[in-house]
């Protein structure tokens, strides 16, 4: 029988000093539970990746999951790649995440080949790609380095290839931003997080997760070269953008 994921209680007790959030072993142990309880619409987003793969993955190409964490997006892409002759590559800079991802891939029954790389996505050569996915990864890249990464992705995509960018966004209207923040906190509370946990995690992510507006993302994608851009999914202040070369 498959064991349920370990419950996230990292910020359940008062901490004297709150360190910056890192994707270490303690986070890897509970990440499946953490993301389910923290990111509204995450499972729905994952369930649509096979549809995107069916539409945009091209035979004989590479499909990348950048910031692959435990491999949830990697597996969703793999399940959408039935008999398509594609090579899926998951990349993450956390050894703990890669190790657990290897276990998840090994337990999966789909047949598309998967390689996992422990490394910096900014140093990765993206080649012969037809689908590239970045689910809640760009927000951890320094602002001034984001355009270079998107340009690399654009250059590595084949014509007709697709880029999926999912991010927590800021709203330009302050009242709307407050409204979405309250709804997001309500979502976390409904999933069992306490006010203390929400507050301490927010402090840990400050200056680590740097969110931007929808307009910032669209403008940068255009600068990178994409001219077909659409918001294909949104739940509260979490948005997924589809850009096609």
### Message
Can you compute the FRET efficiency between residue 219 and residue 6 using 1/(1 + (r/R0)^6), with r the Cβ-Cβ distance and R0 = 41 Å? Round to the nearest 0.05.
### Response
0.55
### Query
Once label points are set 7 Å from the Cα along Cα→Cβ at both residue 48 and residue 234, what is their separation, rounded to one decimal in nm?
1.2 nm
### Message
Pairs of alpha-carbon atoms within less than 8 angstrom and 6+ residues apart define the contacts here; what relative contact order does the chain have, in percent?
### Response
21 percent
### Message
For the range 125-165 and the range 58-117, what is the centre-to-centre distance using only Cα atoms, to the nearest Å?
### Response
16 Å
### Task
Kindly provide the helix-only [θ] at 222 nm of the chain, computed as the sum of -39,500 (n - 2.57) over DSSP H runs of four or more divided by all residues, to the nearest 500 deg cm²/dmol?
-12500 deg cm²/dmol
### Task
Work out how much length residue 15 to residue 158 would gain on full extension: take 0.36 nm times their residue separation and subtract the Cα-Cα distance, in nm to one decimal.
46.7 nm
#### Entry: Crossing angle, helix 25-38 versus the chain [Cα axis fit, 0-90 degrees, rounded to tens]
90 degrees
### Message
Please compute the modelled spin-label separation between residue 87 and residue 203, points set 7 Å along Cα→Cβ, answer in nm with one decimal.
### Response
4.7 nm
### Summary
Rounded to 0.05, the calculated FRET efficiency for the beta carbons of residue 181 and residue 24 at R₀ = 25 Å is 0.40
#### Entry: Cα-derived Rg over Rh, computed across the range 1-115 with Rh taken as Kirkwood radius
1.02
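Bear in mind these aren't lab numbers, they're just calculated from the coordinates by the rules spelled out. The shown structure was predicted, so the numbers you read here are calculated from the model rather than taken from an experiment. Cβ: placed from backbone, ideal geometry, glycine included. Neighbour counts: every protein chain shown.
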